[in-house]
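No value in this document is a laboratory result; all are computed from the given coordinates. Predicted model, so just to flag it, every value in this text is computed and none were measured. Using ideal geometry, Cβ is built from the backbone for each residue, glycine included, and neighbour counts are taken over all protein chains shown.
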Amino acid sequence: MYKIKRISLLLFVIIISMAMVACGSPNETTSGENGVNGSFVGEAEGHNGKIKLNVTVENSEISKIDIVENSESEFTKEVFDKLFKSIISKNSTEIDTVSGATVTSEAVVIAVNDAIEKAGITLTPKKVSEKDAEVKDVSTDIVVIGGGGAGLTAAIEAKENDADVILVEKNAFVGGNTNLATGGLNAAETKYQSENGIEDSAELFFEDTMKGGKNKNNPELVKILTEKSAETVDWLTEKGVDLTDVGVAGGASVERIHRPTGGAAIGAHLVETLEKKAKELGVDIRVSTKAIEILNDEGKATGIKVEDENGNPYNINAKAVIIATGGFGADQEKVVEFKPELKGFGTTNAPVATGDALNLVKSFNAELVDINEIQTHPTVVPEKNKMITEAVRGNGAILINRDAKRFIDELETRDVVSAAELEQEGQTAFLIFDQNVRESLKAIEGYHKAGLLIEADSVEELGKAIDINGTELKNTIDTYNSYVNNGKDKDFNRENMKTELNKAPFYAVEVGPAVHHTMGGLKINTEAQVISKSGEIIEGLFAAGEVTGGIHGANRLGGNALSDITTFGRIAGKNAASLVK
Ligand code: MEZ
């Protein structure tokens, strides 16, 4: 009996040890004559939550780094790879951060340092010969500046129209601001709308967009945007983008915003799909490559000058240049210059959105339109600057103030909802929803995972958790539920009330306005050609996406940015390709 017990104990120890090795168990050390060996888990706070890394040490040197826990966005995969490679090759955490992903880079360094401290070693840095790769000028048909949704779309379309294309992206990874897009893409008369019995028309889409933009929009551009939107959905679907779920967005008369199945966030999926397609087609994508000048030969764009990762300049000569550098929502100085009342506001934008084009086009005398029109998004978590997609309201959430009262039709346009919030005590509001809404929209899982949601089993308890009167909150929700049942919002005339808020748990998140979209930018015509201050077409110069102005007027509708970048990205790519033939 005693022997069986001993064997069982031995077996138990062996199995546990094997399991620990298989899982890369934390903090095992052995000291050999050449130093410390083992694996050590270090942690740090990243952009979206905890990052835990398992660092393998052999002979007191880092030989491997594995991710144990990570809540960072999908698109940072390449950032992790790059940082790990750099740390391992240098056996040091004295490395450069990856542009566009500073917070994640710093968290990786802190986590590795934490693991190394647990290992009780001091790293001896290795000398890595940083031989500058030879930089040479190159020539191509078309060069695209910016690897967000507009740039990738333009590059694909140009390549499919038989042009050679180089795309440069200043970040170490593509996607730009599009990586953060969540709610979806507006389009009318699509197959997905008709499959869901939704009646819509390009004309209605046009009217909604013009009304939302306070008729300041360029109607010719809006006509293109709205008439070509269904075709764009087909084009994206053919590339592998999932746009099957159709929902409600502010300022739209019907369900028109297209997003992946179950209401999942669209941005990273769109970027990943387009990047894959561009690579398959042979687009030469050069990341960590910053455009510093557009070559100007007597008023004609003939390529760009760039700096590579190591700051080495070279020229990319091209027959046409497509500018797809995005807006300037992350550049607080520019935002305040053009709209001083936004001083101190946060931003939903990725750090990449710094309006680089405004300098790049100076020598061409390019015209700017609506440059003072800057939009705030009304449901952004203060300080954390995390946007809670409009689709949460579209799928049924309400907004309440600190008196536990609704104060606006939650599906009004962003300018209206933002202004109403700023009039409330504390200049923020609470977005309130229930389990019905959570289950209807996959994007909410990301907010839950990031710890942004306050959760309670009853409405009264939710009130307590956010420090407002629970009884009042219950009254407000009961009244709202009665409006849902009767199909009439007697207080604010909200047209679309998807669901009663009656299924526990209940959720709250504090939200307020933050800079979201810069509606102004380069003047283009319907062919995506850039127009000069004297009204002439600038030869060889095209632009698409948030870098342009005129499409959204004084206020962009939710869902129209992705529609804009993809439709005008396609137009720019196609027209640039026909120019170089
Ligand atoms: O188009 C947008 O900006 C959008 C739909 C944002 C969002 O709330 O998800």
In a shell of Cβ-Cβ distance under 13 Å around A150, excluding A150 itself, what net charge do Lys and Arg (+1) and Asp and Glu (-1) give? -3
How about the stretch 479-548: which GluC sites (Glu not before Pro) there lie in a loop by DSSP and see at most 14 other Cβ atoms within 10 Å? E495, E536
If the cut-off is a Cα-Cα distance under 12 Å, which aspartates and glutamates reach K581, setting aside same-chain residues fewer than 8 apart in sequence? D141, D162, D164
The chain: calculated mean residue ellipticity at 222 nm from DSSP helix runs of at least 4, using -39500 (n - 2.57): -10500 deg cm²/dmol
Neighbour-count order for T376, T122, T302, fewest beta carbons within 10 angstrom listed first: T122, T302, T376
Taking every other residue with Cβ under 13 Å from the Cβ of I531 and scoring Lys and Arg +1, Asp and Glu -1, one gets -3
Are any of the pairs K170/K228; K77/K386; K474/K503 more than 23 Å apart by Cα-Cα distance, and if so, which? K170/K228
Separation between the N312 and N365 pseudo-spin-labels, each 7 Å from Cα along Cα→Cβ, expressed in nm? 3.8
Amide H proximity to E293 below 5 Å, modelled H, separation 5+ or other chain, gives K305
Reachable aspartates and glutamates, given that their alpha-carbon falls under 16 Å from the alpha-carbon of K290 and they are not under 8 places away in the same chain: D137, E169, E307, D308, E309, D356
For M210, M519, order by how many other beta-carbon atoms lie within 10 Å, fewest first: M210, M519
DSSP bridge pairs, the stretch 23-119: antiparallel proportion in percent, nearest 5: 100
May I ask you to give the average projected area over all directions of the convex hull of the Cα atoms of the stretch 375-514, in nm² rounded to one decimal? 7.2
Violations at 23 Å Cα threshold for listed pairs K159/K216; K223/K442; K82/K305; K216/K523 -> K159/K216; K223/K442; K82/K305
Could you point to the residue in T428, Y507, A443 farthest towards the positive end of the stretch 375-514's charge dipole, with +1 and -1 charges on the Cβ of Lys/Arg and Asp/Glu respectively? A443
Points 7 angstrom from Cα along the Cβ direction at D297 and K211: gap in nanometres? 5.0
Potential extension, K126-S458 segment - 0.36 nm per residue separation minus Cα distance: 113.7 nm
Once you have the Cα-Cα distance between E231 and K498, take 0.36 nm times their residue separation minus that, and quote the gain in nm to one decimal. 93.3 nm
With charges only on Cβ, +1 for K and R and -1 for D and E, what is the dipole size of the stretch 23-119 about its Cα centre, in debye, rounded to 20? 100
Full extension between Q427 and S253 adds, at 0.36 nm per residue less the Cα distance, a length in nm of 59.8 nm
Go ahead and run the numbers for FRET between D162 and E106, Cβ-Cβ distance against an R0 of 45 Å, rounding to 0.05. 0.55
Summing +1 per Lys or Arg and -1 per Asp or Glu among the other residues with Cβ less than 9 Å from I198's Cβ gives -3
Spelling out what I want: for every residue of the stretch 84-89, take phi, set θ = phi - 60°, compute 6.51 cos²θ - 1.76 cosθ + 1.60 (Karplus), and round to whole Hz; glycine and proline get x. 4, 4, 5, 5, 5, 5
Report the GluC sites (Glu not before Pro) located in the stretch 322-390 that are in a DSSP loop and have at most 15 other Cβ atoms inside 10 Å of their Cβ, or state none. E383
Likely footprinting exposure, V459, V547, V484, fewest C-beta neighbours within 10 Å first: V484, V459, V547
Percent relative contact order for the chain, counting Cα pairs under 8 Å at least six residues apart, stands at 18
Alpha carbon centre of the stretch 231-308 versus the stretch 121-171: separation in Å? 16
Would you calculate the separation in nanometres between label points at E94 and D491, each defined as 7 Å from the Cα along the Cα-to-beta-carbon direction? 6.0
Taking H placed 1.01 Å from N in the peptide plane, check which residues at least 5 places from I285 or on another chain put their amide H under 5 Å from its amide H. L167
